[in-house]
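Heads up, the thing below is written out as structure tokens.
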Amino acid sequence: MLQLSIRSLNKQYANGVHALKDVTLTIQKGMFGLLGPNGAGKSSLMRTLATLQDADSGSVQLGELDVLREKEKVRQVLGYLPQEFGVYPRSSAVELLDHLALLKGVTQRAERKELVDYLLQKVNLFEHRKKAVKSFSGGMRQRFGIAQCLIGNPKLIIVDEPTAGLDPGERNRFYNLLSEIGEEAILILSTHIVQDVRELCTQMAIMNRGEVLYTGGVDEALDLI
Ligand code: ADP
Ligand code: ADP
């Protein structure tokens with residue numbers, strides 16, 4: 001069974017902020033909620049797991065992979081939906097996914113088309129496939145982000161504050177989508193919204209000021225929240 005083991009992870013920024021203090025977590029397949037207020041260290045942890053930032057000490061193991069050292073290999077099995085995914089290109093949804101699939105090594109055109117159409121249908125954007133991603137609403141962008149994440153069939157999916165700014169209807173659609181994909185991989189959902197974790201996750205951790213205050217089942221934790 002695939003497992004993510006985070007052991008004694010530490011990170012201090014140049015400004016002296018100790019964003020991760022001996023963070024130790026064991027995460028199994030399924031949906032794992034990482035709950036904490038702004039500044040808790042969630043994004044720092046997510047960026048480290050996504051191989052985008054180095055830790056000062058500690059280790060992260062994903063199955064056989066040493067995440068902090070074998071970054072290229074980890075990126076091949078990783079889907080990452082950052083909090084804000086910056087520049088929205090003028091390209092259409094279909095063009096962009098096609099390009100990403102090519103970068104991930106799907107070199108056959110027909111195979112790429114099949115994959116891209118499948119993903120667009122999965123996230124309910126097929127009818128909007130020819131529109132510029134720039135023109136999408138917040139909810140559509142989040143769903144598009146999930147399609148991007150899923151290219152390459154990731155084993156580890158990291159979603160950072162995904163429901164911030166979504167209206168309740170969009171949030172529900174996004175929940176449904178996440179619970180579908182969370183069955184196939186290790187999915188870590190970082191959020192400051194208790195409802196996100198309550199609705200979607202069975203396992204969770206609570207972080208504050210760089211420290212893990214709780215890790216375990218969601219039902220058991222509801223008393224603490
Ligand atoms: P949030 O608190 O909403 O999670 P972040 O703290 O992740 O937002 O900040 C967003 C961006 O700003 C990140 O790229 C992060 O590296 C950067 N950042 C956050 N705090 C600082 C800081 N004190 N000094 C420099 N960069 C920072
Ligand atoms: P969260 O995602 O839970 O809001 P972050 O990991 O973004 O937490 O931030 C944890 C702490 O680290 C905060 O105090 C934040 O200001 C600080 N921080 C985040 N990124 C940077 C950075 N690049 N440089 C300096 N400080 C940072």
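Check every one of the helices (runs of 4 or more DSSP H) wholly within region 30-147 and list those with 2 or more residues that are hydrophobic (A, V, I, L, M, F, W, C) and within 19 Å of the chain's Cα centre (by Cα). Break it down into steps so the answer makes sense when it comes.
Numbers: elements: 42-49, 71-76, 93-103, 109-122.
Those helices (runs of 4 or more DSSP H) span 42-49, 93-103, 109-122.
Of everything in region 4-17 that's in a loop (DSSP other than H, G, I, E, B) and open to solvent by 70 Å² or more (accessible area, probe 1.4 Å), which residue is farthest from ligand 2 (Cβ to nearest atom)? Looking at residues that are in a loop (DSSP other than H, G, I, E, B) and open to solvent by 70 Å² or more (accessible area, probe 1.4 Å), I get Ala14. Selection within region 209-225: residues that are open to solvent by less than 60 Å² (accessible area, probe 1.4 Å) and within 15 Å of Thr24 (Cβ to Cβ). The member of this set that is nearest to ligand 2 (Cβ to nearest atom) is Gly210. One residue alone among Arg112, Arg90 is surrounded by 15 or more Cβ atoms within 10 Å (Cβ to Cβ), farther than 24 Å from Leu2 by Cβ and of a type outside the set (A, V, I, L, M), and that residue is Arg112.
Within region 33-62, being basic (Lys, Arg) and either in contact with a Ser or Thr (Cβ under 7 Å, 6 or more places away or on another chain) or over 14 Å from Leu81 (Cα atoms) (or both) holds for one residue alone: Lys42. Taking only pairs six or more apart or across chains, which ones have beta-carbon atoms under 6 Å, a first residue in region 37-49 that is over 14 Å from Leu213 (Cα atoms), and a second residue that is open to solvent by 10 Å² or more (accessible area, probe 1.4 Å) and in a loop (DSSP other than H, G, I, E, B)? Cβ pairs passing all conditions: Arg47/Gln53; Thr48/Ala55. Among the residues of region 187-201, those identified as surrounded by fewer than 23 Cβ atoms within 10 Å (Cβ to Cβ) and more than 16 Å from ligand 1 (Cβ to nearest atom) are Val194, Gln195, Arg198, Glu199. Does region 160-167 contain at least one residue that is part of a strand (DSSP E or B) and open to solvent by less than 40 Å² (accessible area, probe 1.4 Å)? Looking through region 160-167, at least one residue is part of a strand (DSSP E or B) and open to solvent by less than 40 Å² (accessible area, probe 1.4 Å). Taken together, the residues in region 136-162 that are away from ligand 2 (no atom under 16 Å from the Cβ), of a type in the set (A, V, I, L, M) and touching a residue at least 40 places away in the same chain (Cβ under 8 Å) amount to 6.
With respect to the conditions (1) open to solvent by less than 60 Å² (accessible area, probe 1.4 Å); (2) more than 16 Å from ligand 1 (Cβ to nearest atom); (3) under 25 Å from Ser5 (Cβ atoms); (4) in contact with a helix residue (DSSP H, G or I) (Cβ under 9 Å, 6 or more places away or on another chain), Tyr175 lacks only one, and its number is (3). For region 18-49, filtering for residues that are open to solvent by less than 60 Å² (accessible area, probe 1.4 Å) and within 12 Å of ligand 1 (Cβ to nearest atom) leaves 11. Filtering region 173-222 to residues that are part of a helix (DSSP H, G or I) and of a type in the set (S, T, N, Q) leaves Asn176, Ser179, Gln195.
The values are calculated or read from the model by the stated rules, or taken from the named source; none is laboratory data. These numbers were taken from a predicted model, which means no experiment stands behind them. Virtual Cβ from ideal backbone geometry, glycine too; neighbours counted across all protein chains shown. Surface accessibility is based on the protein's heavy atoms, side chains included, excluding ligands, DNA and RNA. Shrake-Rupley method; radii C 1.70, N 1.55, O 1.52, S 1.80 Å.
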